[in-house]
Every structure is written in C-alpha cells, then in structure tokens.
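Accompanying notes for the structure given below.
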Amino acid sequence: MKKAFFALCILFLAAGAQAQVDQATEQQIRNSLRVLLPGLQPDEIRSTPIANLYEVTFGTRLVYLTADGRYLVQGKLIDLETRAEITEARLGELKVAALAKIDESQMVIYGPDDAKYQITVFTDIDCGYCRKLHSEMEQYNAQGIRIRYLFYPRAGIPSPSYDKAVSVWCADDRKAAMDKAKAGGDVAARTCENPVAEQYALGQTMRIQGTPALILDDGEILPGYVPADKLRRALDQRSERPGS
C-alpha cells in the first residue's frame, strides 16, 4: 500500500510539471466559464496532449475547453497509439484526491492499518449485496484487505436508509451498530453531527450508480459485490503491473 501511495505521489508531481497553463490562457478560459457556467468555479485548468484543448476540473468531474472558450467538449480522451485512457486515468486521480481529503475518523473501518490492500466502499445499510459483503468481512480481512466504509443511502435524503446510517454513526459503538444493522437488526434511532450527507454528496459527484461501490487505490470503481478471494486475486494482478 505504501508502494502504491509513493507511486501516486510521483505521478501527481510529474503531471503537475507537464500541465502548466500560461496565465493569459487560463484567465481567458475562466472568463468564458463565468459566462457559460455562472456560479461554478473550476478547481484547476491543465493542458492536454491536444493543442489548444484544456482540461477543466470541477471536483471529481472534468470537461475540455478550447483556449478561446468557444468550444466545450465532454467525453473521453484516448491515445490510440499507446491505448492510454487519458480521461479515465485523470478521473481516477481526482477521485483519489477527493478521498484523501476525508479523515479516517469520518469512516467506519474494518481491518488493520498494515493490511496489504485497502479499498474504500460506498455502502447502503439496506442494500442486499452490501449486507452480503459485510457478512464476509472476516474473509476480506483474512485476504489482507482493509475496508473503509463511506455512507451512501441510495434512497437519498431524507429516507429510512439515511436515518439508519445516521443512527449507526451516532451509536456509542459504530462498528457494533454497523454489524447489527447489516444483519437486519434494529439500531436505536439517534442523531448527532455526522458525515452521512457529505459522503452521499461525494458519491453523487463520483457518479455512484449502485452499492456496494468499491473504490481501489487508483480511483477505479468496481461496481457491486466481489467475493473476497476474487477481489484479492484482482488486487494481486494489479499490483504486478509495471509501474504499480
């Protein structure tokens, strides 16, 4: 896991060195965006491998804009020569950066800090496959996989699923409450300051379609339940790729 984190840091530094945009171009793009998308402030503007086309990011989403601000492009950039998925790789970086901003004190975590692998899972208390995954937590941990839960009540806010997530978070023992709720038990209704709505909003920006949604350390999302042994094999294969 430390190896993957170090490689990611190098990737970010290298990307930053290649992505400088001159101030005049950046200002022109920002001026155009104020007209096209009033009230929406871009986080970053970067160059792309295509002349006169710039990447503009908003949280975990991105679009492409020409320097004169006239043409806006939504879609994927793919380098056909190298077969590199330029847009997908960048979106992965943005997701990793967004997750890095969340302190682990705002998550419910199963597994030791020194586990070989770590995944972040958007979960819904009432989701059947989320419950199946949770019922096999010991298997995931035994496979060297640490699981960090973020809340994603698919029914939205307000909803019974949202209320259950808040109750789990506000319980005196969150993991015990999570275990009970995932097993279909009733958790005492409680309210307190909690991160559920914020995590749900983050999931929406990441275009989470269903739960469980497994986010790997490079930002790739695996939708749905994956058995522990199969997930371990997939993670091992990824770690053996050049540059991992």
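The values are calculated or read from the model by the stated rules, or taken from the named source; none is laboratory data. All values reported here derive from a predicted model rather than from experimental measurement. Positions of Cβ are generated from backbone atoms using ideal geometry, with glycine treated the same way; all protein chains shown enter the neighbour counts. The protein model used for the area step is the full one, side chains on, heavy atoms only, and it has no ligands, DNA or RNA in it. Shrake-Rupley method; radii C 1.70, N 1.55, O 1.52, S 1.80 Å.
For the stretch 16-69, filtered to residues that are more than 28 Å from G219 (Cα to Cα) and of a type in the set (D, E, K, R), the residue that is most open to solvent (accessible area, probe 1.4 Å) is R34. The single condition from (1) outside any loop (DSSP other than H, G, I, E, B); (2) closer than 13 Å to T211 by Cβ that P153 fails is (1).
Would you be able to say whether some residue in the stretch 236-243 is out of contact with any helix residue (DSSP H, G or I) (no Cβ under 6 Å at 6 or more places or on another chain), at pLDDT 95 or above and either open to solvent by 10 Å² or more (accessible area, probe 1.4 Å) or not hydrophobic (A, V, I, L, M, F, W, C) (or both)? Among the residues of the stretch 236-243, at least one is out of contact with any helix residue (DSSP H, G or I) (no Cβ under 6 Å at 6 or more places or on another chain), at pLDDT 95 or above and either open to solvent by 10 Å² or more (accessible area, probe 1.4 Å) or not hydrophobic (A, V, I, L, M, F, W, C) (or both), which makes the answer yes. Which one is farthest from the chain's Cα centre (by Cα), of the residues in the stretch 29-39 that are in contact (Cβ under 8 Å) with a residue 12 or more places away in the chain and closer than 24 Å to M206 by Cβ? Among those residues, the one meeting the criterion is L36.
Scanning the stretch 147-180 for residues that are within 24 Å of the chain's Cα centre (by Cα) and small (G, A, S) yields A155, G156, S159, S161, A165, S167. Here A165 qualifies as outside any loop (DSSP other than H, G, I, E, B) and small (G, A, S). Test A155 against the stated conditions and say whether it is of a type in the set (G, A, S) and open to solvent by 20 Å² or more (accessible area, probe 1.4 Å). Yes, satisfied.
Condition check ((1) over 23 Å from the mean Cα position of the chain (by Cα); (2) not polar (S, T, N, Q)) across all residues:
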site: Q27; (1), (2): yes, no
site: Q41; (1), (2): no, no
site: E44; (1), (2): no, yes
site: V56; (1), (2): no, yes
site: R61; (1), (2): no, yes
site: E138; (1), (2): yes, yes
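Number of residues in the stretch 127-150 that are surrounded by fewer than 19 Cβ atoms within 10 Å (Cβ to Cβ), assigned to a loop (DSSP other than H, G, I, E, B) and touching a Gly at 6+ places or on another chain (Cβ under 9 Å) equals 1. The number of residues in the stretch 70-89 that are within 17 Å of E220 (Cβ to Cβ) and among the aromatic types (F, W, Y) comes to 0. Assuming L235 fulfils every condition listed in (1) free of Cβ contacts under 8 Å to residues at least 24 places away in the same chain; (2) in a helix (DSSP H, G or I); (3) not basic (K, R) apart from one, which condition is it? Among (1) free of Cβ contacts under 8 Å to residues at least 24 places away in the same chain; (2) in a helix (DSSP H, G or I); (3) not basic (K, R), L235 violates only (1). Put simply, of G224, G185 the only residue that is open to solvent by less than 80 Å² (accessible area, probe 1.4 Å) and within 19 Å of the chain's Cα centre (by Cα) is G224. Counting only residues that are touching a residue at least 60 places away in the same chain (Cβ under 8 Å) and either closer than 18 Å to Q27 by Cβ or assigned to a loop (DSSP other than H, G, I, E, B) (or both), the stretch 40-99 holds 2 of them. The numbered conditions (1) of a type outside the set (S, T, N, Q); (2) under 20 Å from Y110 (Cβ atoms); (3) open to solvent by 40 Å² or more (accessible area, probe 1.4 Å); (4) assigned to a helix (DSSP H, G or I) are all true for E198 except (2). Counting the residues of the stretch 100-126 that are in a strand (DSSP E or B) and free of Cβ contacts under 8 Å to residues at least 60 places away in the same chain gives 1.
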